[in-house]
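Heads up, the thing below is written out as structure tokens.
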2 protein chains.
Amino acid sequence: MIDTKQKILDTAERLIGERGYAATSLRQIISEAGVNLASIHYHFGSKEELLDEVILRKAVPVNAERLARLDRLEADAGGAAVSVDQVLEALLMPMAEVADREPRFVAVMGRMISEGLIHGIAEKHFQVVTARVFAALRRALPDLPEQEFLWRAHFMTGAMAYTMCVSPSRVLPGTPVGSYRERIERLIGFVAAGFLAPVREISQVETTK
Amino acid sequence: MIDTKQKILDTAERLIGERGYAATSLRQIISEAGVNLASIHYHFGSKEELLDEVILRKAVPVNAERLARLDRLEADAGGAAVSVDQVLEALLMPMAEVADREPRFVAVMGRMISEGLIHGIAEKHFQVVTARVFAALRRALPDLPEQEFLWRAHFMTGAMAYTMCVSPSRVLPGTPVGSYRERIERLIGFVAAGFLAPVREISQVETTK
DNA sequence: GTCTATACTGAGATAGAC
DNA sequence: GTCTATCTCAGTATAGAC
């Protein structure tokens, strides 16, 4: 059957979202999908490449939407810089909307990030968007020293990855969760302030110990 | 020999730092340490508990120093709130100093976070410090709505974990790396601005308080 | 109390018949 | 394309030697 591949993808997506990548064995996937063990390696090559396809088939439209929003913003600005807030919205809102619509997708993405599996094909794919976003932010912050900008972009990436993928109730029990859209809006406020902060002087000597 | 345990710990620390936790097999560790396979389970019980001890023997002094700095700050303030910057320094500087002194420790911590292994004993141990820090930050930000505060604490955690553990050159080639101390100072500026930012209006919300 | 040798179970991967 | 059988290697468990 030709839908063997689809059954594998759907079952893998569900199980990885529920239990995590490492905790999901190929034998569990084939058992629930009703296919043969070797068919996974026939269609995907390896467990890792199966994960790549699970991610990519959902990430492709999100990244396309991000690029489309950036195109629109830059066209509207007509050569001027797009604001930090707007760039962050273009980056984060498409993901938040999908996250609220398809909780299973964000579960897999969360597992992927929290298990440290952002590498290979998936990483390269996201870097297309990343490069565009960083370039737009750089234009919005022309006076920020280059090193400071690079570090702040790094901090943003960390806050972003963690926010999308780690439930805050694990760290702070009692935190109400709400929609992804809402948490992303809060994140944008936080990150934008960080980007626009005055540059802190870096002390040269050691601390009071 | 009584130092079998030490040899295992040292070798595990090195290999996990170099290759990651998942990619380091117990058989690699025993081979390089020159001990028997079963001795790992005799001394530690399991691979996961071995990781716990590798982390803990370095994390304990760092966390002690963090608590000591918080104690000192709060004593100096004499009942008044300690500033956001100061709390963040108490949390982050001890780690930065150890990171610059012992690169192997931060390599292991980085692997631990990037492979999503913050659970069990290690997590509980860090949460003692986390609770103190969040309480101090809450007092420094009395006017911030509770939900907003919790989310911002969450964003900070993400930026922190990512900053300590992911080399920025992986994401943005060409970024000069510098000392951990320096990057932590930049991080404090970024995070403090995020905490002190005006509260952004949430567009379409039902707040679950 | 420590360490060694060895066996058990389950993982991902692969070769070859159909 | 699919399936059976098998391979290698992982973490784990245990019996028994010093």
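The values are calculated or read from the model by the stated rules, or taken from the named source; none is laboratory data. All values reported here derive from a predicted model rather than from experimental measurement. FYI the Cβ positions are ideal-geometry reconstructions off the backbone, even for glycines, and counts take in every protein chain you see.
How many residues does segment A:34-49 contain that are part of a loop (DSSP other than H, G, I, E, B) and closer than 20 Å to A:LEU117 by Cβ?
Total meeting the criteria: 3.
Condition check: out of contact with any Gly (no Cβ under 7 Å at 6 or more places or on another chain) and either among the β-branched types (Val, Ile, Thr) or buried (at least 18 other Cβ atoms within 10 Å of the Cβ) (or both). Does A:ALA33 satisfy that?
yes
Yes or no: segment B:86-98 includes at least one residue that is surrounded by fewer than 18 Cβ atoms within 10 Å (Cβ to Cβ), charged (D, E, K, R) and either within 16 Å of DNA strand D (Cβ to nearest atom) or assigned to a helix (DSSP H, G or I) (or both).
No; the residues of segment B:86-98 include none that is surrounded by fewer than 18 Cβ atoms within 10 Å (Cβ to Cβ), charged (D, E, K, R) and either within 16 Å of DNA strand D (Cβ to nearest atom) or assigned to a helix (DSSP H, G or I) (or both).
Please specify each residue of segment A:74-85 satisfying the condition of being free of Cβ contacts under 8 Å to residues at least 60 places away in the same chain, outside any loop (DSSP other than H, G, I, E, B) and under 23 Å from A:LEU196 (Cβ atoms).
A:ASP76, A:ALA77
If you go through segment A:51-67 one residue at a time, do you hit one that is surrounded by fewer than 18 Cβ atoms within 10 Å (Cβ to Cβ), touching a residue at least 12 places away in the same chain (Cβ under 8 Å) and within 14 Å of chain B (Cβ to nearest Cβ)?
no
Go through segment A:3-41 and give me each residue that's of a type in the set (Ser, Thr, Tyr) and either more than 10 Å from DNA strand C (Cβ to nearest atom) or without any contact (Cβ under 8 Å) to a residue 12 or more places away in the chain (or both).
A:THR4, A:THR11, A:SER25, A:SER31
Looking only at residues in segment B:42-93 that are away from DNA strand C (no atom under 16 Å from the Cβ) and on the phi > 0 side of the Ramachandran plot, which one is modelled with the lowest pLDDT?
Going through the qualifying residues, I end up with B:GLY79.
Condition check: more than 12 Å from DNA strand D (Cβ to nearest atom), over 24 Å from B:CYS165 (Cβ atoms) and surrounded by 16 or more Cβ atoms within 10 Å (Cβ to Cβ). Does B:LEU73 satisfy that?
When the stated conditions are applied, B:LEU73 passes them.
Just the residues that are more than 8 Å from DNA strand D (Cβ to nearest atom) and buried (at least 18 other Cβ atoms within 10 Å of the Cβ), please, taken from segment B:15-28.
B:LEU15, B:ILE16, B:GLY17, B:GLY20, B:TYR21
Of all residues in segment B:134-152, which are in a loop (DSSP other than H, G, I, E, B) and away from every other protein chain (no Cβ under 11 Å)?
B:LEU141, B:PRO142, B:ASP143, B:LEU144
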